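The structure appears right after this line, and notes come after that.
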Amino acid sequence: MKQPYLLLTPGPLSTTATVKDAMQIDYCTWDNDYRQVTETIRQEILNLAHADANTYTTVLLQGSGSYGVEATIGSAIPRTDAVLMIAMNGAYGRRIGEIADYYNITHVDVEFPEDQAVEPQRIAQALTDHPEVTHFATVHSETTTGILNPIAELMPLLKARGIISIIDAMSSLGGVPISVDDLDCDYLISSANKCVQGVPGFAFVIAKQTELAKTAGNARSLSLDLFAQWQTMTQQPGKWRFTSPTHVVHAFAQALTELATEGGVMPRYQRYTASQQALSVGMQALGFDLVIDPAVQGPIITSFKYPHTDFNFDDFYQFIKTRGFVIYPGKVSAIPSFRIGTIGDVNTTDINRLLAVISDYQQIHQ
Ligand SMILES: *Cc1c(COP(=O)(O)O)cnc(C)c1O
């Protein structure tokens, strides 16, 4: 079957033919072969995140990325005597707040405009104002806009106060260099269908073993009990608690091999950055202004303003889609905008083809 278009959306994204091919077999789950695949994945995730295996562990969890965030919030944060501070500058930060509401977790929200990065100085002040805070969560790459938040600058503030840190690195891990050892964070979450370039179906959490070990009995959900999932995966190495997405797991193992073949996270980061730069420059030349300051722009996804008030996004979207590219609507509430992702099996040649299509659209609609 021919792939009808390239996904320029930040997960699911365009995967290679070889990643898709890895899903052509109905694999069994119970034997050593499969468990070895799971164990290798857990180890390789630690390697690509620069997380020491003596200190950290990887827990894989069925579901999309939000399941991983919810499992972490609902398992890491005790039922009583805990206060979560959330630094928010977009929809994914707000989603952490929604999760906290479902779990009746007291949370202090520090909100920033959607077109600005989280500011460490304001977080420092908020932490001083709220000495009751025990846990802190934020998003690394806020996919709402494409902003990369300065997590390395936030970590020392949390460490100094003994606060447990939870980082949603969903759309950055694998595509942006991250060193969990250097960050010394407690939980870092990502999923199969983002920068590792697998297909959707599971999330994973890199957790500090000493902290995760304290969370027995915290979970308010059976399937989202991160501690229980970890126990099963380590006591019977490579075993998942409930049915795992076998095809997705094999595709992910193949995606990890391809990440290594590409040379690891740094060359992938450079490829994404080159695509993002080509896109940003080309789109501005075609009359589309940027929503966020290039100083805080990450390589994952870029938001563009509508070029004029009667711009018809649906028409624009269909025009592009029939010519082989799928883009993303905007998510910034205040600014009419749309987004184009530059992650996945995509390079500058693809971006230049896209720019030619958009140029054609502009010619017709001038
Ligand atoms: C993709 C993403 C998620 C998870 O979204 P799902 O739809 O549940 O996969 C969470 N946070 C960020 C920053 C993301 O980009």
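The values are calculated or read from the model by the stated rules, or taken from the named source; none is laboratory data. Only a predicted model underlies this, so the values are computations on that prediction, with no experimental measurement involved. With ideal geometry, Cβ positions are generated from the backbone for all residues, glycine too; neighbour counts draw on all protein chains shown. Each accessible area value is taken on the protein alone, full model and side chains, heavy atoms only, with ligands, DNA and RNA left out. Shrake-Rupley method; radii C 1.70, N 1.55, O 1.52, S 1.80 Å.
Values for this structure:
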quantity	calculated
Size of electric dipole in the chain: Cβ of Lys, Arg +1 and of Asp, Glu -1, about Cα centre, debye, nearest 20	540
Accessible area of the range 25-260 belonging to carbon and sulfur atoms, whole % at 1.4 Å probe	50
Rg in Å to one decimal, and Dmax rounded to a whole Å, for the chain via C-alpha atoms	20.5, 64
Whole-number percent relative contact order across the range 209-366, with pairs defined as alpha carbons under 8 Å at least 6 apart	19
C-alpha long axis of helix 265-285 to longest principal axis of the chain, angle in °	30
GNM result for the chain, Cα springs below 10 Å: residue of Q62, Q297, Q43 fluctuating most strongly	Q43
Packing-based order for 133-141, 109-117, using average beta carbon neighbours within 10 Å, highest first	133-141, 109-117
R0 of 30 Å, Cβ-Cβ distance N104-T243: FRET efficiency to nearest 0.05	0.50
Helix-only CD estimate at 222 nm, as mean residue ellipticity for the chain, using -39500 (n - 2.57) per DSSP H run (n ≥ 4)	-12500 deg cm²/dmol
Pairs of lysines in the chain (C-alpha under 25 Å apart; 8 or more residues apart or interchain)	18
The chain: antiparallel DSSP beta bridges as a percent of all, rounded to 5	55
Residue among H140, Q235, M170 farthest towards the positive dipole end of the range 139-235, charges placed on Cβ	Q235
Highest-fluctuation residue, A124, A334, A169 considered, GNM on the chain with Cα pairs under 10 Å	A334
For the range 25-260, accessible area per residue (1.4 Å probe, heavy atoms of protein chains only), Å²	37
Protection proxy ranking of 175-186, 194-205, 257-268 - average other beta-carbon atoms within 10 Å, highest first	194-205, 175-186, 257-268
Rel. contact order, % - alpha carbon contacts under 8 angstrom, at least six apart, the range 312-351	25
Those residues of the range 280-299 whose amide nitrogen sits under 19 Å from the label point placed on H308, 7 Å along Cα→Cβ	283-290
